[in-house]
Amino acid sequence: MSKNRVVVLKIIAKELTISAAAERYGVSRRHIHRLLARYRDNGLDAVDPRPRRPHSNPTATTQLVRERVVELRLELTAQGLDAGPLTIAWHLEREGHRPPSTSTIRRILHTAGLITPEPRKRP
């Protein structure tokens, strides 16, 4: 059971006052008032902690660009040409796409399994 539920249940059952609950559980009175408002509006499930993850990421690389990065890598390696992140970014820019950073291109290629790991040699 989450701390928020315990606090709300103790206050609803009149075991603790808002000030006493704030002191005992280490939360602010303002937060407790917010929890009580959520409880009144939507019930006990509404007082559970909410996720902090954003609903969307507008700056994320689009699926179209991700697919084109993988396609370019396969095309360039099949032709025997350099197919590194800088080259792929250059080709994307020529095609009219806004290329992501080279580190993002490398991550896309790594996720697709198109990068062969080459550990560094000992000095």
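It is to be established whether one or more residues within the range 81-94 are among the acidic types (Asp, Glu) and in contact with a helix residue (DSSP H, G or I) (Cβ under 8 Å, 6 or more places away or on another chain).
Yes, the range 81-94 contains a residue that is among the acidic types (Asp, Glu) and in contact with a helix residue (DSSP H, G or I) (Cβ under 8 Å, 6 or more places away or on another chain).
What is the one condition in (1) under 30 Å from VAL27 (Cβ atoms); (2) in a loop (DSSP other than H, G, I, E, B) that THR59 does not satisfy?
The single condition THR59 does not satisfy is (1).
What is the residue count in the range 28-79 for residues that are within 28 Å of the chain's Cα centre (by Cα), of a type outside the set (Val, Ile, Thr) and within 18 Å of ARG107 (Cα to Cα)?
The number of residues fulfilling the criteria is 10.
Can we say ARG98 is of a type in the set (Lys, Arg), in a loop (DSSP other than H, G, I, E, B) and out of contact with any helix residue (DSSP H, G or I) (no Cβ under 6 Å at 6 or more places or on another chain)?
yes
Within the range 3-15, how many residues turn out to be open to solvent by 30 Å² or more (accessible area, probe 1.4 Å) and either in contact (Cβ under 8 Å) with a residue 40 or more places away in the chain or outside any helix (DSSP H, G or I) (or both)?
Residues of the range 3-15 open to solvent by 30 Å² or more (accessible area, probe 1.4 Å): 3, 5-6, 9-10, 12-15.
Going one step further and asking which of them are either in contact (Cβ under 8 Å) with a residue 40 or more places away in the chain or outside any helix (DSSP H, G or I) (or both), we end up with 5, 13-15.
The qualifying residues number 4.
Does ALA21 meet the test of being open to solvent by less than 60 Å² (accessible area, probe 1.4 Å), out of contact with any helix residue (DSSP H, G or I) (no Cβ under 9 Å at 6 or more places or on another chain) and among the hydrophobic types (A, V, I, L, M, F, W, C)?
So ALA21 fails the test.
Give just the number: which of (1) part of a helix (DSSP H, G or I); (2) open to solvent by 50 Å² or more (accessible area, probe 1.4 Å) does ASP82 not satisfy?
Failed condition: (1).
Identify, please: which residue in the range 80-95 is of a type in the set (A, V, I, L, M) and closer than 15 Å to ARG106 by Cα and is, among those, modelled with the lowest pLDDT?
Per the criteria, the residue is ALA83.
Among the residues of the range 114-123, is there at least one that is among the acidic types (Asp, Glu), assigned to a helix (DSSP H, G or I) and without any contact (Cβ under 8 Å) to a residue 12 or more places away in the chain?
No, the conditions are met nowhere in the range 114-123.
How about the range 39-68: which of its residues are surrounded by 14 or more Cβ atoms within 10 Å (Cβ to Cβ) and more than 11 Å from ASN4 (Cα to Cα)?
Result: THR61, VAL65, ARG66, ARG68.
The values are calculated or read from the model by the stated rules, or taken from the named source; none is laboratory data. On a predicted model such as this, the values are computed, not experimentally measured, just so you know. All Cβ positions, even for glycine, are placed from backbone atoms using ideal geometry, and neighbour counts span all protein chains on display. Just the protein is used for accessible areas: all its heavy atoms, side chains included, with ligands, DNA and RNA removed. Shrake-Rupley method; radii C 1.70, N 1.55, O 1.52, S 1.80 Å.
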